[in-house]
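*Asks:* My questions all concern the structure below.
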Amino acid sequence: MQDAPFLIAGAGIGGLTAALMLGRAGFPCLLIEQRTQIEEIGAGLQLSPNASRILIGLGLEQTLTRFASTPERLQVLDGTNAASLSSMTLGHSMADRFGAPYWSIHRADLQTTLLDAVRGLGNVRLIFGRKVSAIKKNDDASVVVTCSSATQSEDVVCRALIGADGLWSHVAELLGDKSSPEFLGYQAWRGLVPINNWPMHLPKTESRLWLGPKAHIVHYPIRRGNAINVVAVTSDTDNRPGWAHLGERDKIMKRFRDWTPEAKDVISAVPDWSVWSLFDRRERTRWSENRATLLGDAAHPVLPFLAQGAALAIEDAATLVREITKTPDQLADAFRRYETERRPRATKIQNAARANGQTYHLRWPLTVARNMVIRRTDLSKRYDWIYSFILN
Ligand SMILES: Cc1cc2nc3c(=O)[nH]c(=O)nc-3n(C[C@H](O)[C@H](O)[C@H](O)COP(=O)(O)OP(=O)(O)OC[C@H]3O[C@@H](n4cnc5c(N)ncnc54)[C@H](O)[C@@H]3O)c2cc1C
């Protein structure tokens with residue numbers, strides 16, 4: 001069984017990080033991804049120091065700094081009148097305080113960096129266009145997993161199964177959790193603006209969060225300042241599960257027509273929109289069963305209102321591999337310790353993200369009280385408990 005691979009389902013950020021760390025620790029891995037390639041979908045990601053610290057520890061700093069931007073600060077503004085509500089310095093101040101940078105990066109750049117590092121290892125086999133479709137056996141001795149493509153399927157005997165297969169995790173379902181994600185009434189509109197098309201009067205080197213009735217907008221630089229990533233989240237009953245669909249420009253322009261001109265300029269600068277319906281899920285009763293476990297969104301999806309979903313997937317991968325390395329012959333114990341350690345933090349961050357969603361989308365007159373509270377809050381300290389995470 002020692003030579004059998006760890007089978008990782010899903011080459012998202014969590015699965016790739018786990019494969020890289022396991023491979024480097026000397027464990028053979030089989031990484032199965034249902035898509036046929038890593039597509040340029042998903043646009044930007046903010047990577048706070050809790051995540052960038054781990055990626056730097058993996059020796060990826062030089063490559064990632066070729067792609068990432070380091071916004072100077074985050075400004076929070078009222079979307080109806082452009083009043084500044086609060087701000088927080090990012091840039092050098094973050095790196096000084098937490099020993100790692102606050103990056104913003106295109107998701108495809110991060111995934112490609114991780115993928116290249118994984119491909120450089122001799123003991124990780126990567127198969128695209130295949131998905132985990134059944135678990136035939138999962139006991140103290142081994143796991144037997146069926147991997148299928150459109151035309152064939154094969155049973156793979158593996159040392160353990162790691163479900164890094166995202167919000168709609170099929171591995172979780174195969175482990176017995178039949179619950180479904182819940183639509184919470186948010187739509188995320190995402191788009192990229194090449195820097196040459198970005199309005200001159202809007203900042204190029206800072207992140208902004210605009211709050212307005214039943215909607216908010218976030219924008220930040222990526223690709224070393226060569227593009228601005230824009231996310232506009234609206235409260236909306238339209239629910240379309242799965243990957244993004246194209247967003248109609250007229251619809252979003254109309255949605256923000258009563259906002260301040262600067263905020264409207266942000267929206268109108270975006271040439272093409274992709275729209276995601278945002279789903280949440282109740283806490284899973286368990287993440288692990290014998291020789292199988294879950295990580296990242298598969299275990300605990302996080303609404304994007306704290307920019308922590310990918311960061312948590314990276315933290316999960318690092319914690320899981322540390323525990324596997326401690327007791328490679330007692331994997332069920334390793335998975336239990338991993339889950340016990342990760343669950344409270346994941347739940348706390350999920351709840352904080354949910355609360356941000358509610359606060360961001362309040363309606364007048366509650367927005368008046370909300371703005372007063374934000375004005376009095378020292379944003380720079382508010383998330384120390386998230387950013388200071390260090391894996392022991
Ligand atoms: C609008 C928006 C903005 C966000 N912004 C941020 C941010 O700024 N910072 C941040 O940290 N997070 C952010 N997130 C959250 C982040 O995108 C996710 O939390 C993160 O991608 C989760 O990574 P993962 O590896 O767990 O899952 P995923 O990225 O979902 O990867 C899962 C992979 O598994 C594959 N798969 C699925 N089923 C199978 C199967 N049966 N077999 C094999 N493969 C399978 C999928 O194709 C996919 O490639 C944002 C999310 C949204 C929606």
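Yes/no per residue for (1) within 13 Å of the ligand (Cβ to nearest atom); (2) modelled with pLDDT of 95 or more; (3) under 28 Å from Phe27 (Cβ atoms):
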| residue | (1), (2), (3) |
| --- | --- |
| Arg119 | no, yes, yes |
| Val132 | yes, yes, yes |
| Lys137 | no, yes, yes |
| Ala141 | no, no, yes |
| Cys147 | yes, yes, yes |
| Cys158 | no, yes, yes |
| Ile162 | yes, yes, yes |
| Gly166 | yes, yes, yes |
| Gln187 | yes, no, no |
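*Asks:* Turning to a different aspect of this structure: Could you pull out the residue among Leu320, Leu306 that is under 20 Å from Ser169 (Cα atoms) and in contact (Cβ under 8 Å) with a residue 24 or more places away in the chain?
*Replies:* On the way: Leu306 fails: under 20 Å from Ser169 (Cα atoms).
Step by step, each of Leu320, Leu306 is checked, and only Leu320 is under 20 Å from Ser169 (Cα atoms) and in contact (Cβ under 8 Å) with a residue 24 or more places away in the chain.
*Asks:* Would a scan of the range 71-91 turn up a residue that is within 13 Å of the ligand (Cβ to nearest atom), assigned to a helix (DSSP H, G or I), crowded, with 24+ Cβ neighbours inside 10 Å and not β-branched (Val, Ile, Thr)?
*Replies:* No.
*Asks:* Say we look at the range 271-286 and pick out the residues that are part of a loop (DSSP other than H, G, I, E, B) and out of contact with any His (no Cβ under 9 Å at 6 or more places or on another chain); which of these is surrounded by the most Cβ atoms within 10 Å (Cβ to Cβ)? Walk me through how you get there before you give the answer.
*Replies:* In the first step, residues of the range 271-286 are kept if they are part of a loop (DSSP other than H, G, I, E, B); the result is 271-272, 281-286.
Remaining after also requiring out of contact with any His (no Cβ under 9 Å at 6 or more places or on another chain): 271-272, 282, 285-286.
On the way: Pro271: 11, Asp272: 11, Arg282: 10, Thr285: 8, Arg286: 17.
For the range 271-286, the residue satisfying everything is Arg286.
*Asks:* Failed condition for Trp198, given (1) within 23 Å of Leu246 (Cα to Cα); (2) loosely packed, with under 13 Cβ neighbours inside 10 Å; (3) not basic (Lys, Arg), with all others met?
*Replies:* It is condition (2) that Trp198 fails.
*Asks:* Which residue, of Ala19, Ala4, is more than 9 Å from the ligand (Cβ to nearest atom) and surrounded by 24 or more Cβ atoms within 10 Å (Cβ to Cβ)?
*Replies:* Ala19
*Asks:* Now a separate question. With (1) more than 28 Å from Val231 (Cα to Cα); (2) crowded, with 22+ Cβ neighbours inside 10 Å; (3) of a type outside the set (A, V, I, L, M, F, W, C); (4) in contact with a helix residue (DSSP H, G or I) (Cβ under 7 Å, 6 or more places away or on another chain) as the list, and Glu339 as the residue in question, which single condition is left unmet?
*Replies:* So Glu339 meets the others, but not (4).
*Asks:* Can you confirm whether the range 266-281 contains a residue that is on the phi < 0 side of the Ramachandran plot, in contact with an Asp or Glu (Cβ under 7 Å, 6 or more places away or on another chain) and hydrophobic (A, V, I, L, M, F, W, C)?
*Replies:* Scanning the range 266-281, I find at least one residue that is on the phi < 0 side of the Ramachandran plot, in contact with an Asp or Glu (Cβ under 7 Å, 6 or more places away or on another chain) and hydrophobic (A, V, I, L, M, F, W, C), so the answer is yes.
*Asks:* Another question, if that's okay. Report, by residue number, each residue of the range 287-302 that is of a type in the set (Gly, Ala, Ser), assigned to a loop (DSSP other than H, G, I, E, B) and away from the ligand (no atom under 12 Å from the Cβ).
*Replies:* The initial filter retains those residues of the range 287-302 that are of a type in the set (Gly, Ala, Ser), namely 288, 292, 296, 298-299.
Those still in the list that are assigned to a loop (DSSP other than H, G, I, E, B) too: 288, 299.
Answer for the range 287-302, where residues must be of a type in the set (Gly, Ala, Ser), assigned to a loop (DSSP other than H, G, I, E, B) and away from the ligand (no atom under 12 Å from the Cβ): just Ser288.
*Asks:* Among the residues of the range 353-367, are any within 14 Å of the ligand (Cβ to nearest atom), part of a helix (DSSP H, G or I) and of a type in the set (S, T, N, Q)?
*Replies:* yes
The values are calculated or read from the model by the stated rules, or taken from the named source; none is laboratory data. Everything quoted here is computed from the prediction, not taken from an experiment. All Cβ positions, glycine included, derive from the backbone under ideal geometry; neighbour counts span all protein chains shown.
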